[in-house]
Structure formats: C-alpha cells, structure tokens
Amino acid sequence: MDALEFRAANPRLRDIFDEDAERYERARPRYPASLIEELVRVTGAGPGVRVLEIAPGTGKLTVDLAGSGCAITAVEIGPSMAAVARRRLAAFTGVEVVVSAFEQWRPPAEPFDAVVCATAFHWLDPEVRVPKTARVLRPGGRLGIVATHHVAGGTEDFFAEVQRCYERWDPATPPGLRQTRESDLATDTGEFTRSPYLTDVTVHGHAQEITYTADQYVDVLLTYSNHRALPGPARGGLLADVRELIESRYDGAVTKRYWHELVTAVRVGG
C-alpha cells in the first residue's frame, strides 16, 4: 500500500471520478493484454455470450472485452463517465451503457453468462455486492473481479522519496508509508469463498509497468479520488512538489509498477 491507495476504501470518494471523465480516459492505463486474454478465456466471452460489467468507468476494460464479440450491459454510476464510455463503444452494437448505481440497478429477468468488474468492486456496498452479483448470474456462470494494486517496482527510489511530499501536504498520510511487493500481498477472497452461491474461487496476477513524464504522472494522479479530494492549496502544493521531484532528480520521467489480480469464481448450480 502507498499514498495512492491507503484511503481508497472511503465511500465518500466514490462520486469524485465523474468530475473529470475526459482526464480519466486520457490518463488511466488500459489493462495488460495477458489479463484480457485470461478474462475472455475464463468467462467464455464471445458471440452469443451475455456479460454484465459493473462500474465500467470510461470503458477501459469494456472496449477490449467487447472485441471478443460478446453482448455487454455496463452499469456505471457516473453520467459523465458513461457518456465517454458510450462514445468509445459506439462501434459495438451489442454494448449498452446504463447510468445507475449497481446497488439500485434493476437487472433483467434473464440472468447473465458472466459478470465482470475492474478496479471498482471495493466501492460497492459490501452487504450487496456479492449476493446481488451472484443473483444475476446463471448457474455455472462466471465471475471476474479485477483488483489493481500500486506495488514496489519501476523507479523505486522515487516512490520512496515522494512520500515526503505526501507527508508535507496531506496530514492523513501515515509516516514512512511504503509500497508493498506483489509477492507480499495477501489476497483476501473470503467474501467469495464464504458465499453459498459461488465456488471454484481462483486468483491470478498480471504485472504492468508504465513510464510517465512528469506531466503524465501528475495527470494520472488527478484521476485518483483521494488526490482530488484534497483541499485546493494542498493538492496544488503536492502536485507541484511531485512534478519538481521528477524533473529535478529523475530526468523528467518515472516508471510505475501495477499489479492486477483477477479473482474468478463460478456460480453454484452449473
């Protein structure tokens, strides 16, 4: 865990993403090809397969998944994010983007063959997310949940040094916070394994490293809810310090490592 994600579970931050959907689409990375390939294989996504995607955002996962030929209903809480997703998915006639919170969304009578959710499941109401997800799956249907972690790797000295910027501008930052290596992550699949509706829970990881210029890195920071939620002066000071650090000590560019975990399960009854 690091300063990018230690407050990510705060539900009050859930709606902030919709404030700047165009930046989100521009700055956030796509998912690695290996993850998409595994997700398509596990869910059986293809022509004739009905997929529900929860919280698609601007369609970072949806576009690649739609390329398999499956039909997708994508339920997105943010109207601005949904508008960008519709634009990006306009070429796929089998994709529908619905504006609604998943918790309040009324599913169709016919169950889905697969349900997927990428880097958003933690935002959903924990009392609702697994039971409702299971209810909309047909027996034998597949669940695919992607969790994204900011892990040690890439330009490691920068990510240790930049914590001082967070400690200066964000008093909620725990002192000495450092990134975790993916080998030390303890994936908690308890809510899936405890569910009477799900079986065959598995986890596979996919790494991705991306190099950012100072401007690109500041851009991606502005897509994280805890950064956007900072008071204006603190946010401005933090981003200025981060940019100056990259330009003065790291030749204008840093490499960041992401670890994407794909949790899969099967709906009981198939």
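The values are calculated or read from the model by the stated rules, or taken from the named source; none is laboratory data. Predicted, not measured: the structure shown is a model, and the values here were computed from it. Reconstructed Cβ throughout: ideal geometry from the backbone, glycine too, with neighbour counts over all protein chains shown.
Search segment 113-172 for residues being assigned to a loop (DSSP other than H, G, I, E, B) and polar (S, T, N, Q), and hand back the single one that is farthest from Gly46 (Cα to Cα).
So the first thing to find is which residues in segment 113-172 are assigned to a loop (DSSP other than H, G, I, E, B), and the list is 119-120, 124-128, 136, 152-155, 162, 170-172.
Subset that is polar (S, T, N, Q): 119, 155.
Working: Thr119: 22, Thr155: 38 Å.
Looking at the filtered set, the residue picked out is Thr155.
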TODO: Within segment 83-102, count every residue that is surrounded by fewer than 14 Cβ atoms within 10 Å (Cβ to Cβ) and not aliphatic (A, V, I, L, M).
DONE: 4
TODO: Inspect all residues belonging to segment 147-161 and state whether any of them is more than 27 Å from Gly237 (Cα to Cα), modelled with pLDDT of 95 or more and over 19 Å from the mean Cα position of the chain (by Cα).
DONE: no
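Quick grid of which residues meet (1) in contact (Cβ under 8 Å) with a residue 40 or more places away in the chain; (2) surrounded by 16 or more Cβ atoms within 10 Å (Cβ to Cβ); (3) in contact with a Phe, Trp or Tyr (Cβ under 8 Å, 6 or more places away or on another chain):
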| position | (1), (2), (3) |
| --- | --- |
| Phe192 | yes, yes, no |
| Pro196 | yes, no, no |
| Val201 | yes, yes, yes |
| Gly205 | yes, yes, yes |
| Glu209 | yes, no, yes |
| Tyr212 | yes, yes, no |
| Val218 | no, yes, no |
| Ser225 | yes, yes, yes |
| Pro231 | no, no, no |
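For segment 47-66, which positions are without any contact (Cβ under 8 Å) to a residue 40 or more places away in the chain, outside any helix (DSSP H, G or I) and either aliphatic (A, V, I, L, M) or within 17 Å of Leu89 (Cβ to Cβ) (or both)?
Filtering segment 47-66 down to residues without any contact (Cβ under 8 Å) to a residue 40 or more places away in the chain leaves 47-48, 58-59, 62-64, 66.
Within this subset, residues satisfying the condition of being outside any helix (DSSP H, G or I) are 47-48, 58-59.
Within segment 47-66, Pro47, Thr58, Gly59 qualify.
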Open item on the list: Which of the numbered conditions does His122 fail, given that it passes all the others? Conditions: (1) under 22 Å from Thr202 (Cα atoms); (2) surrounded by fewer than 22 Cβ atoms within 10 Å (Cβ to Cβ); (3) at pLDDT 95 or above.
Closed with: (3)
Task: Odd one out for Ala66 among (1) under 18 Å from the mean Cα position of the chain (by Cα); (2) closer than 17 Å to Gly44 by Cβ; (3) surrounded by fewer than 19 Cβ atoms within 10 Å (Cβ to Cβ); (4) not aromatic (Phe, Trp, Tyr) - done: (3)
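Mind checking which residues of segment 233-253 are in a helix (DSSP H, G or I) and free of Cβ contacts under 8 Å to residues at least 40 places away in the same chain? So that I can check it myself, show each step before the final result.
Within segment 233-253, the first condition is being in a helix (DSSP H, G or I), and the residues that meet it are 233-249.
Passing the criteria: Pro233, Gly236, Leu239, Ala240, Arg243, Glu244, Glu247, Ser248.
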